[in-house]
Amino acid sequence: MTTATDIAEAQLKMPVRRDPGVERRLFHRTLKPLIGTPVNAVVTLVCLWVMWLGIKGAYGWLVTRAVTEGGAQACKVGQGACLPYYEAKLRFMVFGVYPYDEHWRVALAMLLFLGAIAITMVPRFWNKKLLVLWGVTIVTTAVLLWGGVFGLSYVPTTQWSGLPLSFLLSAVGLALGFPLGVVLALARSSKLPAIRVIAIVFIEVIRGVPLISILFMASVMLPLFMPSGVTVDKLLRAQIAIIIFAAAYIAEAVRGGLQAIPRGQHEAASAMGLHYWQSMRLIVLPQALKIAIPPLVNISIGFFQDTTLVTIIGLLDFLSTVRTAMTDPNWVGIAVLEGYVFAAVVFLVFSYGMGAYSRFLERRMRLGYD
Amino acid sequence: MQADSMSGTRLLYNLRFRAILYQVLAVGSIVLLGLYLFSNVSQKLAEQNIATGFGYLSREAGFVISQTMIDYKPTDTYGRAILAGIVNTIWVSAWSVVLASILGLVVGIARLSRNPLLALLAFLYVEALRNVPLLLYLFLWYALIVTGLPAVREAWEVLPHVFVSNSGLTVPSLNWTRAHTIIFAALVLGGVLAVFLRRHITAERIRTGKERTAWPLIAMALLIPPALAFLILQPEFTVSLPEKGRFRLTGGSQLTPEFTALLIGLALSASAGIAEIVRSGILSVRKGQWEASRALGLRDGLTMRLVVLPQALRVIIPPLTSSYLSLFKNSSLAIAIGYPDLVMVSNTTMNQTGQAIEGIAIFMLVYLGLSIAISLFMNWYNSRVALKER
């Protein structure tokens with residue numbers, strides 16, 4: 001008969017497991033996943049080969065074969081990246097047809113805007129002072145872009161272009177789409193049938209058609225809907241389309257947040273004697289919006305990329321100025337890859353940054369801060 | 001007098017009255033807005049002398065569509081031109097969905113690989129595709145095909161009789177006749193029969209508990225209809241091989257650069273999203289499920305098929321639906337590189353007839369209809385795989 005003491009004694013007699021040693025651990029941690037089985041070894045070799053090809057190609061194009069001096073002719077002959085192209089066209093690609101001597105104004109506005117975004121992203125600064133910061137930023141940016149006061153020359157919206165325009169379209173679209181989206185989400189979860197149906201139809205129609213069709217509607221149909229003699233700025237029309245489109249998607253993200261709030265919260269708010277708007281504003285929305293932040297950031301990333309579609313209705317956004325730079329008679333057909341790679345890197349940096357931020361927020365929320 | 005105002009105030013604080021009031025106000029303001037816009041539109045159209053109505057659909061279109069899946073010539077009507085555009089949209093979306101699903105599944109599983117190099121490559125693939133706009137990629141692929149590949153005269157023969165040039169990909173094709181269509185239909189019928197038979201046999205096995213060899217019956221159900229059709233019709237199978245002529249390629253069928261760029265662009269960008277969906281779906285199945293099914297004696301393949309995948313699908317299907325839907329809607333970017341899809345054909349039509357409202361209404365309705373059809377189908381499939389609770 002085995003007793004507990006027998007087992008304990010047997011365990012004492014067992015040889016103490018030897019420390020496998022640093023080398024063995026190194027093998028297990030790093031090499032076993034790579035060459036543990038024959039199949040895995042083959043996969044590793046193939047991966048190494050693909051990476052080698054990629055790095056060799058990129059390094060060759062960007063460094064060893066790059067054309068560093070000369071003009072378009074040197075680039076036409078050369079096989080690598082055309083660096084003189086960036087020198088000649090960088091400012092056009094970024095700022096577009098905004099008056100050349102006034103580029104500092106857009107650059108300053110963009111810096112202010114990105115700085116405000118960076119401050120807003122830090123959770124420690126989430127308080128009422130942010131509203132003041134954004135008020136100041138918006139007014140300053142608008143003054144810088146438009147001009148016409150303080151001795152700045154007036155620049156019409158038709159000359160707003162390039163990267164600033166892309167930022168503007170997506171930022172204003174999201175900023176104004178957000179309140180509209182919240183209202184739509186509340187309407188969709190309302191108890192009043194007529195209001196609910198209106199919200200459902202609006203949201204589902206907008207989400208069921210491509211953005212390009214709404215942009216077409218704004219550029220072709222909206223002028224027909226205006227009373228005679230009233231014309232709407234082309235940029236404003238595209239902006240309205242983007243706001244409406246953003247609102248429908250934001251509404252669905254917010255609705256997800258609203259659905260996650262238990263009914264008890266609504267009931268408790270009613271029991272406290274709060275009416276509908278009070279209970280929404282003070283109790284339900286603060287909780288629902290917090291849950292909806294990660295999907296909202298993802299929507300923002302999507303919209304920053306989707307603003308490129310305004311190219312199709314003829315606005316000069318960033319992608320469009322990059323493409324226009326390529327069609328310069330001096331450079332046509334020479335620097336196609338250079339232009340697209342530049343644009344892709346810019347988009348990649350901003351989108352990946354926002355994505356990383358979204359993952360940070362999700363982790364923070366899981367850990368249950370605030 | 002006083003009683004009146006009292007009851008008026010009371011009425012205003014009555015919740016049911018308020019509910020009705022709000023709804024009447026909402027509907028009323030929308031109707032008013034609609035009427036206002038409508039009056040503006042009719043005034044504008046009258047001023048600019050633009051015809052209204054859908055009568056133009058039966059008039060001759062008179063423009064060329066560079067590639068169509070159904071017969072279309074410039075003397076056909078606008079209606080038929082738009083139909084050709086719809087078919088083109090569906091054609092490119094369907095192929096992209098197939099490609100994107102396969103690529104997404106492979107990359108999604110690679111993301112979870114224990115091999116760190118493979119996981120890293122899959123990660124780079126996903127991030128590079130997700131963080132750069134689709135439109136940029138479309139322009140890039142199109143530019144690479146048109147400027148990077150040789151002219152038709154120096155077309156590369158990558159495989160025997162498969163040519164790559166800056167006017168697209170030329171592949172051998174079967175001379176397709178009506179008989180082939182019938183045989184294909186018979187094959188589909190056989191497939192449906194086989195599925196039903198298999199389901200019946202499984203149900204029978206569960207009811208009686210007797211194991212019977214089923215595969216010969218199922219194979220017969222699958223093969224007999226097409227074999228019969230083949231024997232009756234006896235079609236010729238001739239293949240049209242592309243040959244390199246002096247100036248152009250003759251024979252075979254051709255995928256244009258526009259189609260190829262759109263297909264690659266849509267499929268790659270959607271595959272990155274699908275990879276992430278597949279990854280999170282597989283991760284959502286707890287490790288205990290694997291261990292439990294191994295303890296029951298199931299092999300790895302069977303575990304995947306009977307235990308893990310059905311549970312992962314539950315998580316995968318809803319986001320997959322929206323990813324298919326956005327692929328379908330993104331196919332409208334075709335207009336940027338000149339593939340004649342629904343939007344591009346409608347745009348040409350609008351430019352020719354000036355009837356912008358009707359043109360946009362048609363293509364919005366078609367997108368809306370097809371989007372609803374796709375989501376209904378996916379919802380039906382989702383309800384089949386969803387968790388069955390009491």
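Each reported figure results from applying straightforward, stated rules to the coordinates on display, with no laboratory input. What you see is a predicted model; the values in this text were computed from it and never measured. FYI the Cβ positions are ideal-geometry reconstructions off the backbone, even for glycines, and counts take in every protein chain you see.
Some notes on this structure:
- Kirkwood-based shape ratio for the protein assembly as shown, expressed as Rg/Rh from alpha carbons: 1.00
- Relative contact order %, the range A:76-187, counting alpha carbon pairs below 8 Å whose residues are six or more apart: 35
- Nonlocal amide H pairs with B:SER253, under 5 Å, H built at 1.01 Å: B:VAL171, B:SER173
- Largest first, the extents of the alpha carbon coordinates of chain B on the three principal axes equal 90, 67, 52 Å.
- Helices of chain B meeting both criteria, an alpha-carbon length of 24 angstrom or more along the long axis and an average Kyte-Doolittle score not below -1.0, with helices taken as full DSSP H segments, are B:15-48, B:78-111, B:178-208, B:215-233, B:257-283, B:309-330, B:356-385.
- Shown for A:VAL341, B:VAL92: other C-beta atoms within 10 Å of each C-beta, ranked fewest to most, produce the order A:VAL341, B:VAL92.
- A Förster distance of 51 Å, applied to the separation of the beta-carbon atoms of B:LEU112 and A:GLU267, puts the FRET efficiency at 0.75.
- Shielding value for A:184-197 is 2, the average number of Cβ atoms from other chains within 10 Å of each residue's Cβ.
- Relative contact order for chain B, counting Cα pairs under 8 Å that sit 6 or more residues apart, in percent: 22
- Residue order for A:THR157, B:THR202, fewest other beta carbons within 10 angstrom first, comes to B:THR202, A:THR157.
- Per-residue shielding of B:126-134, expressed as the average number of other chain Cβ atoms within 10 Å of the residue Cβ, stands at 6.
- With the gyration tensor restricted to C-alpha atoms of chain A, the semi-axes of the equivalent ellipsoid amount to 46, 40, 20 Å, longest first.
- For chain A, the cysteines with no partner cysteine C-beta closer than 4.7 Å are A:CYS47.
- Peptides B:24-35, B:184-195, A:306-317 ranked from most to least packed by the mean count of surrounding Cβ atoms within 10 Å: A:306-317, B:184-195, B:24-35.
- Other protein chain Cβ atoms within 10 Å, averaged over every residue that makes up A:201-214: 6
- Qualifying chymotrypsin sites (Phe, Trp or Tyr not before Pro) in the range B:21-74, where qualification requires a DSSP coil assignment and no more than 16 other C-beta atoms within 10 Å, comprise B:PHE54, B:PHE63.
- Longest exposed-site-free window of chain A, the sites being chymotrypsin sites (Phe, Trp or Tyr not before Pro) in a DSSP loop that have at most 10 other C-beta atoms within 10 Å: A:155-368
- Subset of A:LYS129/A:LYS234; A:LYS234/B:LYS44; A:LYS128/A:LYS290 violating a 23 Å alpha-carbon distance limit: A:LYS129/A:LYS234
- Short to long, the 5 Å bins of the Cα pair-distance histogram for the range B:41-182 hold 2, 7, 8, 10, 14, 15, 14, 10, 7, 5, 4, 2, 1, 0 percent of all pairs.
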